[in-house]
1. What number of residues within the stretch 289-346 are over 20 Å from Val248 (Cβ atoms), in a loop (DSSP other than H, G, I, E, B), open to solvent by 20 Å² or more (accessible area, probe 1.4 Å) and not charged (D, E, K, R)?
2. Answer yes or no: is there a residue in the stretch 221-244 that is among the β-branched types (Val, Ile, Thr) and at pLDDT 95 or above.
3. Report whether or not Thr236 is among the hydroxyl-bearing types (Ser, Thr, Tyr) and open to solvent by less than 10 Å² (accessible area, probe 1.4 Å).
4. So Thr90 fits all but one of (1) open to solvent by less than 30 Å² (accessible area, probe 1.4 Å); (2) of a type in the set (Val, Ile, Thr); (3) under 23 Å from Leu212 (Cβ atoms); what number is the exception?
5. Residues that are out of contact with any Phe, Trp or Tyr (no Cβ under 7 Å at 6 or more places or on another chain) and aliphatic (A, V, I, L, M), at least 2 per element: which strands (runs of 3 or more DSSP E) completely within the stretch 203-288 meet that?
6. Can you tell me which residue is farthest from the chain's Cα centre (by Cα) among those in the stretch 347-365 that are open to solvent by 30 Å² or more (accessible area, probe 1.4 Å) and hydrophobic (A, V, I, L, M, F, W, C)?
7. For the stretch 93-103: of the residues being more than 13 Å from Leu80 (Cα to Cα) and not hydroxyl-bearing (Ser, Thr, Tyr), which is most open to solvent (accessible area, probe 1.4 Å)?
8. Conditions: (1) surrounded by fewer than 19 Cβ atoms within 10 Å (Cβ to Cβ); (2) among the charged types (D, E, K, R); (3) modelled with pLDDT of 95 or more; (4) not in a helix (DSSP H, G or I). Arg167 meets all but one. Number of the miss?
Amino acid sequence: MTAEYREQLAQALRDHGVDRPVAVVDLDRVAANCDAARAGLGYGLQARLVAKSLPCLPLLDHIRSRLPTSGLMSFSEPMLSALLAAEPDTDHLLGKPLPVTAARRILETHPDAARRVQWLIDTPQRLDAYLSLAADTGETLRLSLEIDVGLHRGGLTADQVAGVAARIADHAHAALSGVMGYEVHLAKLPGPLRRRARRASAKAFGQAVAALGQGAQGLCLNTGGSLTFQDPATRTPATEVAFGSVLVKPSDFDHASTKAFLPALFLATPILKVMPRNPVPGIDLPGLRRTNLAISGGHYLASPVWPDGFGYSGVFGRSSNQEVWVGPKTTKAQPGDIALLRASQSEAVLNQFGTVLAFRQGQVVAEWACLPN
């Protein structure tokens, strides 16, 4: 990402009239990332997009027009409810267990939710609650088993799978829909530990699926994540991998496995003040003077990338109101110019302003509403 690109993006946003903090997605870069994802998927695996990482329905539609998917992975009641209302046929696999009270509200609000949602079961106790919900509602609930494949954030062990599956099979209003083994954060372990963890993860996932015997045929066997979906270890016995963030590549996803992907998500905000050769408070020495600028808003989950050479001020500290950046003694930046930040993550960042600007071929082409968190 060159300084020339950042400067042109900032100027295009100023020309568009940006006068408040806003999220921006470069659709040309997203298209290139979709091509890279398709190339990395390998033969036979389907892709499931993680909705919390791409929380904007037009953006999801844009990606799905370029990358065939099996459905969405959803994580919250508000976002799941919005997506169920907006789309008639999308399959939703829960990425984390929802409290059974939230599941009940979803079923009451959306008559087709039982057909379209795979509810995640991480413990025998959670299974008890969902089987009771199924009996109460008379709806046949599709239940997917969360497996602890080494991340140790909860989930069933492989030796619990057969017993849990048998209980689901014996219930009049429950059906086993799949197995989910999330392991993406294992990619951030140091090299030797990472290789060992990936082998153990693949083994645990395989054992969980094997415990189902012939009953595993036709199920949704989901694993992976933005840092691991291209890993050959995910190929068997998985039928699909989930990812989302890598398609806009925030900085938390800068990794050896994502070198083919381009940063495509930025935060943009007006520069309110430019203070060249500004004295350090309490130390009015000419040799310590650098340029300070103040932006609209601040304390974002993002890092400054434009104007060139600026970063957060250690003197003024972080601020959510008019955050101060510090940079070179001289700068061409002026009040009203646009400052750019590269987001560190996409979930809860892409949709924090309610809308996102779609940028293509050097100009803003649309303003899209975002989904709730």
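The values are calculated or read from the model by the stated rules, or taken from the named source; none is laboratory data. As the structure is a prediction and not an experimental result, all values here were calculated from the model. Note that we place each Cβ from the backbone using ideal geometry, even for glycine, and neighbour counts take in every protein chain shown. Note: areas computed on protein heavy atoms with side chains; ligands, DNA, RNA excluded. Shrake-Rupley method; radii C 1.70, N 1.55, O 1.52, S 1.80 Å.
1. Qualifying residue count, the stretch 289-346: 16.
2. No: zero hits.
3. So Thr236 does not fit the description; no.
4. (3)
5. Working: elements: 220-224, 240-243, 265-278.
Of the strands (runs of 3 or more DSSP E) lying wholly inside the stretch 203-288, those with at least 2 residues that are out of contact with any Phe, Trp or Tyr (no Cβ under 7 Å at 6 or more places or on another chain) and aliphatic (A, V, I, L, M) span 265-278.
6. Residue satisfying both the conditions and the ranking: Val365.
7. Pro99
8. Answer for Arg167: the failing condition is (4).
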